[in-house]
Amino acid sequence: MEKWFNVGKIVNTQGIKGEVRVISTTDFPEERYKKGNRLSLFLPNSQQPTELTVKSHRKHKNFDLLLFEGYENINEVEKFRNGLLKVPETQLSDLQEGEFYFHEIIGCLVCTKDGVEIGKVSEILTPGANDVWVVKGKNGKEHLIPYIEDVVKKVDTKEKIILIHPIEGLLS
C-alpha cells in the first residue's frame, strides 16, 4: 500500500481563472509546486485521489497560489476546497545530514540529556530562522523547543527519540 505525505491544503480559490490558495505544509514549496510537477488531491468523502499537474505557482501573502493544467476557471476548482495535496513516498528526496521531514519528527519522544522525559513532538512551527517543535507533555503542557544546535543535541528518527539540552527558561 502506497504511503502519502501532505504538502498543502487548498483553502480557497483565487480570482476567476482557476487559481487556488494553498496553505503549504512542505519545506520545499519551490520543488513541490514546480511547473509540470504532479500532485495528488485527496478530497473529503472521496475514495480516489485526483491527479493534478502544476501549471503555475506564485506566492501571495501567506499562501502558495497554484494553477493546474486543464483547470482554467473558478467553477472547475471550486470543488477542490478543503482538499489535501499529497505526494507519494517515492517523490521524497534524500535530505542533508541534520535535515528531517516533518513526519519523521512528529511523534518523537523528547528527553533531556539527563534522561528527563519532556513529551512528544505534536506539531512543527516554521516562524522564521529556525523551526520550533511543539512538545506536548504527559500533563498536557506544551513546550516550544527551537531546532537549534545549542538545544537539540541528538535526533534518532529510527528510535523516535530526541535528546535536548534545555537552555535557561526553556521548560518553565
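Below is a table of values for the structure above.
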item	result
Scan of region 100-129 for residues that are on the phi > 0 side of the Ramachandran plot and part of a strand (DSSP E or B), ordered by number	Gly119
Residues (modelled with pLDDT of 90 or more and either of a type in the set (Phe, Trp, Tyr) or within 18 Å of Ile167 (Cβ to Cβ) (or both)) located in region 86-112	Val110, Cys111, Thr112
Any pair with Cβ under 8 angstrom, 6 or more apart, that starts in region 130-142 at a residue that is at negative phi and ends at one that is assigned to a strand (DSSP E or B) and at pLDDT below 85	Asp131/Leu125; Val132/Leu125; Trp133/Leu125; Val134/Leu125
Evaluation of Asp27 against (1) modelled with pLDDT of 95 or more; (2) crowded, with 16+ Cβ neighbours inside 10 Å; (3) not aromatic (Phe, Trp, Tyr) (one fails), failing number	(1)
Conditions (1) surrounded by 11 or more Cβ atoms within 10 Å (Cβ to Cβ); (2) outside the structural domain of Val116 (by TED's automatic domain parsing); number of the one not met by Lys153	(2)
Among the candidates Glu76, Glu51, residue that is acidic (Asp, Glu) and part of a strand (DSSP E or B)	Glu51
Of all residues making up region 127-146, the number that are farther than 18 Å from Gly98 by Cβ and either surrounded by 11 or more Cβ atoms within 10 Å (Cβ to Cβ) or at pLDDT 90 or above (or both)	8
Selected residue (only one of Leu144, Leu85 is in the same structural domain as Ser24 (by TED's automatic domain parsing), outside any loop (DSSP other than H, G, I, E, B) and touching a Leu at 6+ places or on another chain (Cβ under 9 Å))	Leu85
Conditions (1) loosely packed, with under 12 Cβ neighbours inside 10 Å; (2) not in a loop (DSSP other than H, G, I, E, B): number failed by Glu97	(2)
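The values are calculated or read from the model by the stated rules, or taken from the named source; none is laboratory data. Predicted, not measured: the structure shown is a model, and the values here were computed from it. Cβ coordinates were reconstructed from backbone atoms using ideal geometry, including for glycine residues, and neighbour counts include every protein chain displayed.
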